[in-house]
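Presented below is the structure to which this report refers.
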Amino acid sequence: MRSIIKFLFLFVVLITPCCEEDECPECFTPPKMFILDIVDTETGENLFTNGTLKADEIEIKNVLNDAPVDFTFIDENGVNYIQIHSIGWETEVVNCHISVSSIDICNLYVDAKRESDNCCSYTVFNEISIENAEFKQDDETGIYKILVE
């Protein structure tokens, strides 16, 4: 009987998965999205909302390799934003030229590095800059208000 108990104990110990101390659950933090609110310098009115610019004429490309940059146009509840969600998923440097209806809006330069620490991956932004336009960033929402004359 003792040998059966020992055998069952040994069997249970061998089939029970064990965790090493250095194992941890993986976590993933997506990179931040860049949301642009294109507004009239004088009135502060969104240029898509007032019909000056057309969403189907937005063009965003990375001037470093001439590749198009993925984005989404948000048109909900009177809000009209350009959302760039494709930057920072990997270590990269991008210089996005943003134009609408053949009007140069701005350049968005981003130097992003994808990191991993304690089983968590995340993005570190070494540099973010907007060139060729005046802008304001909302501290609470992170939305960039691009001022266009």
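Derivation of every value follows stated rules applied to the coordinates shown; laboratory data play no part. Since we're looking at a predicted model, the values are computed, not measured. Methodologically, a virtual Cβ is constructed for each residue, glycine included, from the backbone with ideal geometry; neighbour enumeration extends over all protein chains shown.
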**Fill in**
Low-density loop GluC sites (Glu not before Pro), the range 68-114, at most 16 other Cβ within 10 Å, DSSP non-H/G/I/E/B, are E90
**Message:** Can you find, among W89, I60, N132, the residue sitting farthest towards the positive end of the charge dipole of the range 24-148, where Lys and Arg contribute +1 and Asp and Glu -1 at Cβ?
**Reply:** W89
**Asked** Over the range 24-148, what is the relative contact order in whole percent, taking alpha-carbon pairs under 8 Å and six or more residues apart?
**Response** 29
**Fill in**
Restricting to lysines and to Cα separations under 23 Å from K32, and discarding same-chain partners fewer than 8 apart, the set is K61, K113, K136, K145
**Asked** Simple spin-label model, 7 Å along Cα-to-Cβ: T29 to K54 in nm?
**Response** 4.2
**Request:** Rank N46, I35, F71 by how far each Cα sits towards the positive end of the charge dipole of the range 24-148 (+1 on Lys, Arg Cβ; -1 on Asp, Glu Cβ) and give me just the farthest.
**Result:** F71
